[in-house]
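Each value in this text was obtained by applying a stated rule to the coordinates, not by laboratory testing. Quantities reported herein were computed from a predicted structural model and do not represent experimental measurements. For neighbour counting, all protein chains shown are included, and Cβ atoms are generated from backbone atoms with ideal geometry for every residue, glycine included.
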Amino acid sequence: MSDRPPAPRRLLGQAMPAVAGLASVILGLGVAELVAAAVAPTAGPLLVVGSQLIDWAPAWAKQVAIALFGTGDKAALLTGVGVVLALVSAGAGVLERRRPPIGRLLIGALGVFGAGAAIARSGSSLLDVIPAAVATVVAVLALGFLLRRLAEPVPARPVNPATLRTAGAASGPSTADAAARLTRRRFLGLSAGAVTIGALSALGGYALQAGSRAATAARNAFRLPTPSVAAPAVPAGAELAVAGLTPVVTPNADFYRIDTALQVPQLNPDDWQLKITGLVEHPVTLGWAELIALPLEESYTTLMCVSNEVGGDLIGTAKWLGYPIRHLLARAAPTASADMVLSRSSDGFTASTPLVALLEADRNAILAIGMNDEPLPAEHGSPVRMVVPGLYGYVSATKWVVELEVTRFADHAAYWTERGWSDHGPIKLESRIDVPRQGTIVSRGQLVVAGVAWHQHTGISKVEVQVDDGPWNEATLATAISVDTWVQWRWTWNASSGTHKLRVRATDAAGEVQTSQHADVIPDGATGYHEVDVQVA
Ligand SMILES: Nc1nc2c(c(=O)[nH]1)N[C@H]1C(S)=C(S)[C@@H](COP(=O)(O)O)O[C@H]1N2
Ligand SMILES: [Mo]
């Protein structure tokens, strides 16, 4: 006779680890939804994986899914993800029981996949990997815990002598059976507990994320209104077509992002309101429906961060769609004593913008709702942000803006001003070399040197390049989109062997020559010449 347990018991022996795998993953995913609600409300692992699969799926697969499931294709996808996940989790339990730590490694692999999906989404931040990481850690620990409970038999309770008499000699298999039953019962109780906690956390987390989901849905459903003033087409000569040179218009996905928001605010446009308060004759309240019905204007503006080092990349250009702030301020009628507008975001950030900069008819200060023909992305301030040509972002470009308080520099300080930065922040004249990159080895002869230069709201008239300590050579300027944008430049260098230093400087349309004086980014922006060292072979 074989000493293998009978078939049903063998099956039970397999089923328990499978239950452990399932219960662990349900607990992990549930807790992750709760964590997501707190740190990254759009990064719950299931939805993230689902939406990435949609993005990654080839077109034919999407066609097949739509043909099979119609408008239920998303639900079918999530069900599919759930079924695959359940099978893998159960498998992980069984494998872990047989060959530890393979099961836990399998769960770890699922976690890496989930984290990868979270970070692959456009506009994602490092915080978005936290839910997947939490799910993985919780599931791995729970699996180890549950399987250990299965491996350690519960000692059978001391036997009641009465039972002993009736049952005869209660030794051998029957005690072992009783112990096994107890062990199983305890294990199943713990697994049920894990599933319950997981399900409740998932429900709670999901409920807490409802606001963010609604905001995302509203943003996705929104179509930008037709501008009443369209931006002129980007001039044919704006793009110099040099490999490695920064494109003149920055795609949203590549646009730098700077803010103090640990978690990107998820505002529902339908609930958005802007209040104009403070030193005004008529306080104004503007709702979303009213804003998008106003005659909106398109314009190209290069936005820049005061923290951009010389040669840095915290700068980008977009086509913005918005409404001139001066018209709204005209409605509010600022009083004569006012000289500043303190804009406030939904998350408490503030920026101090000179009132005149917002009132000037020739400076395109706008409340923007569109960025490069798309509704403003969440991380760039959805649904509404400010864009003011010529001023660093920290004093002008308030994202998720909900209030404009008309006030005086003497009475109020903004977020960064309280932290040592200047209360005024006009952008400084600067230029940058993009090609060749620092430290590259290039070959002798004709070599294209190229980059960008900017002095928003003034424009650039000249760019010059210097090799080592030689003469300044005038570069060819591309056609600027407008004085509010950067401009590309190029210069052809007849490179001779050796190590060389390239240096760039710009002159603006007012005749100011860029200063060579090095200044730190704090308190009001860096200056100095950008230099690149190359080795010519
Ligand atoms: N609400 C809010 N708006 C903000 C900030 C912020 O921290 N919070 N940072 C400002 C700074 S310092 C810059 S440089 C720009 C950057 O805008 P971007 O992230 O869209 O590139 O946003 C500005 N608007
Ligand atoms: Mo900034």
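Quick rundown of the values:
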{"read-out": "Dimensionless Rg/Rh of the chain - Kirkwood Rh, Rg from C-alpha atoms", "value": "1.14"}
{"read-out": "Distance between modelled label sites at Ser516 and Ser496, nm, 7 Å Cα→Cβ extension", "value": "2.1"}
{"read-out": "P(r), alpha carbons of the stretch 7-208 - 10 Å bins starting at zero, rounded %", "value": "9, 29, 28, 18, 9, 5, 2, 0"}
{"read-out": "If the convex hull is drawn through the Cα atoms of the stretch 430-536, its volume per residue in Å³", "value": "97"}
{"read-out": "Antiparallel bridge percentage (DSSP; both residues within the chain; nearest 5)", "value": "90"}
{"read-out": "Degrees, to the nearest 10: 73-98 long Cα axis against longest axis of the chain", "value": "50"}
{"read-out": "Theoretical gain in end-to-end length, Tyr256 to Asp468 [0.36 nm per residue, Cα-Cα removed]", "value": "73.2 nm"}
{"read-out": "Packing-based order for 43-50, 22-29, using average beta carbon neighbours within 10 Å, highest first", "value": "22-29, 43-50"}
{"read-out": "Residues of the stretch 404-441 with amide N under 19 Å of a point placed 7 Å along Cα→Cβ from Thr335", "value": "404-413"}
{"read-out": "Within-12-Å neighbourhood charge of Val521 [Cβ basis; K, R +1; D, E -1]", "value": "-3"}
{"read-out": "Relative contact order, percent, the stretch 437-516 [alpha-carbon distance under 8 Å, six or more residues apart]", "value": "38"}
{"read-out": "Pairs from Lys319/Lys462; Lys399/Lys462; Lys275/Lys399; Lys428/Lys462 whose Cα-Cα separation, in the structure shown, is over 22 Å", "value": "Lys319/Lys462; Lys399/Lys462"}
{"read-out": "Local net charge near Val39, Cβ-Cβ under 14 Å (Lys/Arg +1, Asp/Glu -1)", "value": "-2"}
{"read-out": "Taking the stretch 244-392 and dividing mean pair separation by its residue count, relative contact order in percent (alpha carbons under 8 Å, at least six apart)", "value": "26"}
{"read-out": "Sequence-separation-based contact order of the chain, relative, with Cα cut under 8 Å and 6+ spacing, percent", "value": "13"}
{"read-out": "Ala413 paired with Gln273, simple spin-label distance in nm, labels 7 Å along Cα-to-beta-carbon", "value": "3.1"}
{"read-out": "Using alpha-carbon coordinates, inclination of helix 45-56 to the longest axis of the chain, degrees", "value": "60"}
{"read-out": "The chain: angle of helix 59-69 to the longest principal axis, Cα-based, in degrees nearest 10", "value": "50"}
